[in-house]
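Laboratory data are not the source of any read-out in this text; all were calculated from the coordinates shown. A quick note: this is a predicted structure, and the numbers were derived from the prediction, not measured. Every residue, glycine as well, gets a Cβ built from its backbone with ideal geometry; the counts of neighbours run over all protein chains shown.
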Amino acid sequence: PAAFVAKLVMKTVHFWSAYEIPQIEHFGYMRRYSLPLRGPVLSFATLGPLAVVGMALGLRSFRRWSLLYLFVATYSTSIILFFVLARYRLPIIPALVPFAAYAVLEIARFVRQRKWAPAAGGVAAALVVGWLMQANFYGVDENKAIAQIVYRHGIAEDMRENWPAAIEKYEEALRLKPGYAKCHLNLGVDLARVGRRDEAMANLEAAERLDEQPQVRPLEAS
């Protein structure tokens with residue numbers, strides 16, 4: 001039971017985290033190729049904290065927002081119980097946008113009315129929630145997920161028999177994830193194909209060494 005609760009807490013943190021957990025598409029990788037996505041506006045790191053503040057402020061008019069509260073609660077729970085991924089979290093965004101907009105409007109109203117304490121409180125709350133959402137409590141390494149995408153690009157170049165381009169992709173993936181056994185293996189093969197045999201042997205040996213490392217902790221004797 002304790003482990004079950006710990007996993008639920010972990011999945012809850014991941015659901016409300018600024019990091020987009022990928023399955024195939026990787027938001028962090030796609031940002032390389034989209035100027036608008038590189039900014040802070042179109043990300044959960046901006047929307048999430050404002051939405052949480054908006055939900056807190058909206059409690060005074062709960063009946064007015066009840067359907068949105070119900071959707072956020074039921075949908076987030078259904079994902080947290082099973083499988084947290086970016087593409088499963090995406091449908092909750094339309095429900096969070098009104099809350100985020102409400103937070104901005106309410107803070108602006110406090111400022112216009114010179115109610116400095118609630119205005120400062122709203123901004124401070126958003127900053128604190130934003131920090132919590134961006135804190136990497138479970139040590140997630142985004143570079144490892146990006147390395148897998150770059151590695152697949154290397155495989156695509158291999159299928160075209162474009163060995164130099166494949167080598168470039170594998171080397172990039174290894175800079176992101178040095179202990180990537182399959183990448184060392186493919187890189188070693190391609191380096192041998194282009195005559196760089198010493199480098200090829202070093203990568204093949206690294207692949208063999210890494211592949212021998214245990215991937216799971218052995219069961220302890222009872």
For the stretch 17-23, take each phi angle, set θ = phi - 60°, evaluate the Karplus expression 6.51 cos²θ - 1.76 cosθ + 1.60, and give the result in whole Hz per residue in order, putting x for glycine and proline. 7, 6, 6, 8, 6, x, 10
Inter-site label distance for E212 and L8 at 7 Å from Cα along Cβ, in nm: 4.4
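With runs of 4+ DSSP H residues as the only contributors, calculate the mean residue ellipticity of the chain at 222 nm using -39,500 (n - 2.57) per run, divided by the residue total and rounded to the nearest 500.
Value at 222 nm, helices only, nearest 500: -23000 deg cm²/dmol.
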Can you find, among V111, T77, A6, the residue sitting farthest towards the positive end of the charge dipole of the chain, where Lys and Arg contribute +1 and Asp and Glu -1 at Cβ? V111
Calculated FRET efficiency for the pair K115/S78, C-beta based, R₀ 41 Å, to 0.05: 0.60
Which distance in nm do the two modelled labels at F137 and Y88 give, with both placed 7 Å along the Cα-to-Cβ direction? 1.8
With θ set to phi - 60° and the Karplus curve 6.51 cos²θ - 1.76 cosθ + 1.60, what are the ³J(HN,Hα) couplings of the stretch 83-90 in order, to the nearest whole Hz, using x for Gly and Pro? 8, 9, 9, 4, 6, 7, 7, 3
Relative to the longest principal Cα axis of the chain, at what angle does helix 163-176 sit, 0 to 90 degrees, rounded to 10? 50
With a Förster distance of 22 angstrom and the Cβ-Cβ distance between F62 and L105, calculated FRET efficiency to the nearest 0.05 equals 0.80
Candidates L68, L96, L59; GNM for the chain (alpha-carbon contacts under 10 Å) flags as most fluctuating L59
Just grab the label-to-label distance for L35 and A192, each label 7 Å out from Cα along the Cβ direction, in nm (one decimal). 4.6
Working out 0.36 nm times the residue gap between R152 and A45, then minus their Cα-Cα distance, what length gain in nm do you get to one decimal? 35.7 nm
Here are several values of percent of Cα pairs over 25 Å apart: (1) 44; (2) 56; (3) 36. Which one was derived from the coordinates shown? (2)
Cα lying deepest toward the dipole's positive end in the chain, options P49, Y29, G179, charges on Cβ: P49
